[in-house]
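What follows is a single structure, written as structure tokens, with notes after it.
The values are calculated or read from the model by the stated rules, or taken from the named source; none is laboratory data. What you are looking at is a predicted structure, and each value in this text was computed from that prediction instead of being measured. So basically every Cβ, Gly included, is an ideal-geometry build from the backbone, and we count neighbours across all protein chains shown. The protein model used for the area step is the full one, side chains on, heavy atoms only, and it has no ligands, DNA or RNA in it. Shrake-Rupley method; radii C 1.70, N 1.55, O 1.52, S 1.80 Å.
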Amino acid sequence: MADRYRYDPNEIEPRWQRVWADERTWEVSNEPDGREKAYVLVMLPYPSGEPHIGHLKVYSVGDAVAHFQRRKGLAVLNPMGYDAFGLPAENHAISTGQHPRESTDEAIAAFRQQFREWGMSIDWSREFGTHEPRYYRWTQWIFLQFFRHGLAYRKEAAVKWCPNDQTVLANEQVIDGRCERCGHLVEVRQLEQWFFRITDYADRLLDDLETIEWPEHVKTMQRNWIGRSEGAEVTFRCEELAIDYPVFTTRPDTLFGATFFVLAPEHPDVFRLVAGTENEHAVHEYVNHALNESNEERGAADKEKTGVFLGRYVVNPVNGERLPMYVADYALMEYGTGALMAVPAHDERDHEFAVKFGLPIREVVTGGEDVQIEPYTGNGTLVNSHPDFDGLPNREALEKIVAWLDREGKGHASVNYRLRDWLLSRQRYWGCPIPVIHCERCGIVPVPEEDLPVLLPDVTDYTPKGRSPLAAAEDWVNVTCPTCGGPAKRETDTMDTFVDSSWYFMRYCDPHNDEAPWDPAILQEWMPVDQYIGGVEHAILHLLYARFFTKALADLGYVGFQEPFERLFTQGMITREGAKMSKSRGNVISPDTYVDRYGADTARCYILFIGPPDQDADWADTGVEGVHRFLSRLWRLSAEVADTTPDHPIPDELSASDLELLRKANWAIEKVTNDMAGRFAFNTAIAAIMELTNAISKHREEGDPSSGALRFALETASSVLFPFAPHVAADSYERLTGRRVWEEPWPASDHRYLESDTYELVCQVNGKVRDRVQAPTGAAREELEALCLGATKVQAHIDGRDVVKVVVVPERLVNVVVR
């Protein structure tokens, strides 16, 4: 008999997974069925190896939300795909010879198997990988629309190059001067590259953050990355080479104080300026050294200023002075134009540089001490500038100088952004081919849409050699120009993988459409995504790029919405013994270990129970065991009651113990509902179900074991547990009711049972909980104070000390302050 009531997830979980797979339970139709639609989406994973503990957490969060929304009566789209192009699979191919497609498909199969074994309620009918031609055909189509409308363009640029991976990196992929993928030091090279014109959308990307429900810290990260500032743009000219250098400054009032000129090491003209001169070698060495440091290190206030004279001069347009040009690492390409007019009298970094290199320091704003010793950065009166401006307060002069610059044709008011156009070229094999052809006669020619997709050819050598491995596939590269019929060559660069993930959420809505990337009517039904879920590490890259794609496609008339993700939730990290998990530390947790031992429900439930899901949480095996015992007890209670207790209705006349249990059950409904509906407080929701289960056990031991209240409480516990532990909840609920819990509406609390004559009053002494007492509902402050002061444990902690004051929070707590 004991074995009959032993919780066995190895039997229960596969049985329910077969039901859901055979009946295709979680598939949702695009056809209207009278229900409101809800799109719940977890960021698609990169398939490499097997899913890790982070995948278990984020998909458990997404699944809980999807289950809750379904049972609230919504038609929920919860799809799955794979961000399948990228360097890991290609590097694996280089080391093993296995085609990236094969290793990627193997990893996808492992991911699919794991997600099924975890019981995730995914609509598998919409599954795809971004490496599949049926998907990247439409990635190429979107590129062509951008190209035709000037949003995709090619130009020579100083790019960040990883000599190990032999590929160009976007600014965002360089961390502390190193490649984010392999950790190798990055160099600068001049190459023809493809860009998306994301800067055209800078203001809208900023302004529309106010229209979406995202965590404020994510919005702040995007605002800072876009980096909007107002000032003036002034052009300085290198007359020797006839090159104009626009400079953005927020301090046009100090233009007359510029005494030298600085270019960032990444500036595309640095090497051009020194080509063939005696400075060339020193400048090349300096630039490569500078790029091995992070922007934070280069811009640090306490860092010693360094630089190299370029042997060239520019003319300051406001006074005709020739200013010596330097390359210096404190100038950043991410700010302004990568060129700085240096005003050492009124900028701390410029002052340090001028002192070190013996450059002039000219005061143009009075108000401080001797600027030869220390720069003055405050407001004051303009001097040594121009007769029209000298003597004016500098803030007043600032506006007049900008107007004067515009009249004289020397500059104009300007808005600057830290954001740079998105560099999307990659000199790698395993990526989406860029669908253009290079013809000597016609220039850049788009591949005709009827010829899409441009398929990746099979190659035998994936090793990068300073150019894309695709360049070696001569039969593929050499083509006929579709415009003139002459000989031409395909583009051999592939796209940044962030291109693939910038629109995948739209394809889920209509994944089997062979005529277009989506049906506009279907897309409008589902988009924008109602709830997007993923890591905060994607705040700048993926989330910003997806917003740009959506706005660009809206401008081109292909979508009818401006933002892709209405609401965003970012989950915290799982740590082990307080440390981030890594193979080098030997503290990596495999979900398989716990799923095999305790079942998927235990692993899912525990990972949501250990703390607020938006915060980091530390994994502890003892906690896993505790959650397993809780699920085991609930299942056993349900099985025993289902087998031994008649299904009696709840009587009109209730015993005290039945009333108490009904109150607890309805409290749990209310608590779980509120925690799910607003803040995703899954940890406290699960805690409430545990509390209800404890009350059920107590009632069964002390009350009437055959009462209808007991069965109702068990049905309630199983019902509200379903989003977190679907297998055990489905099994318990069906045993008790004969019905399928996912087909039942979400339970509603009966407010008659939420009202109570008493409640638990927390009693504190100096902010620490010392006792808990029952207090009458609606009791006056004086009565609550007396109850607390009379509590035995409170009196013990007062212990003759003076009571300074008593703080009463009605219906919650009383805090006695003593000294």
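For this structure, a couple of remarks:
- Nearest-ten-degree value, helix 656-674 long axis tilted from longest Cα axis of the chain: 10
- Between the range 781-795 and the range 220-252, the alpha-carbon centres lie 67 Å apart.
- Shape class for the range 137-223, computed from the alpha carbon gyration tensor (a ≥ b ≥ c): oblate, with a/c not under 1.5 and a/b at or below b/c.
- Between 0 and 90°, nearest 10: helix 348-357 axis offset from the chain longest Cα axis: 40
- Euclidean distance between Cα centres, the range 73-88 to the range 508-529, Å: 14
- Structure-based [θ]222 nm, the chain - -39500 (n - 2.57) summed over DSSP H runs of at least 4, per residue, nearest 500: -11000 deg cm²/dmol
- Straight Cα distances below 21 angstrom link residue 465 to the lysines 160, 489, with same-chain residues fewer than 8 positions distant left out.
- Antiparallel content of DSSP bridges confined to the chain, in %, to 5: 75
- Packing-based ranking, highest mean first, of 374-385, 37-48, 185-196 given that Cβ atoms within 10 Å are counted: 37-48, 185-196, 374-385
- The 3J(HN,Hα) values that the Karplus relation (6.51, -1.76, 1.60; θ = phi - 60°) gives for the range 570-576 are, in residue order, 10, 8, x, 8, 9, 10, 10 Hz. Gly and Pro appear as x.
- Cα gyration tensor shape for the range 1-159, rounded if a/c is under 1.5, else prolate or oblate: oblate
- Qualifying GluC sites (Glu not before Pro) in the range 756-811, where qualification requires a DSSP coil assignment and no more than 15 other C-beta atoms within 10 Å, comprise 811.
- Stretching the chain fully between residue 19 and residue 400 yields a gain of 129.6 nm (0.36 nm per residue, less the alpha carbon separation).
- Highest average first, the peptides 417-429, 20-32 ordered by how many other beta carbon atoms sit within 10 Å of their residues are 417-429, 20-32.
- For the range 120-192, the solvent-accessible area of protein heavy atoms averages 36 Å² per residue (probe radius 1.4 Å; ligands and nucleic acids excluded).
- Diffusion coefficient of the chain by Stokes-Einstein, Kirkwood radius over Cα pairs, 10 °C, 1.306 mPa s: 51 µm²/s.
- Cα gyration tensor shape for the range 578-687, rounded if a/c is under 1.5, else prolate or oblate: oblate
- Peptide ranges 452-461, 283-292, 306-315 listed from the most packed, as the mean C-beta count within 10 angstrom indicates: 306-315, 283-292, 452-461
- To put it simply, the accessible area of the range 522-583 at a 1.4 Å probe is 48 percent carbon and sulfur.
- Straight-distance candidates among the lysines for linking to residue 805, with alpha-carbon spacing under 30 Å and chain neighbours fewer than 8 residues away dropped: 768, 793.
- Distance violations [Cα-Cα > 26 Å] among 37/551; 72/698; 155/219; 155/551: 72/698; 155/219
- The apolar share of the surface of the range 753-819, taken as the fraction of accessible area on carbon and sulfur atoms (1.4 Å probe, ligands and nucleic acids excluded), comes to 47 percent.
- In summary, the aspartates and glutamates within cross-link reach of residue 303, defined as a Cα separation below 20 angstrom excluding same-chain residues under 8 places away, comprise 176, 266, 285, 293, 329, 334, 347, 348, 350, 352, 374.
- Dipole axis of the chain (+1 Lys, Arg; -1 Asp, Glu on Cβ), positive-most option in 91, 809, 767: 767
- Helix 280-290 vs. the chain, principal-axis angle (Cα, 0 to 90°, nearest 10): 10
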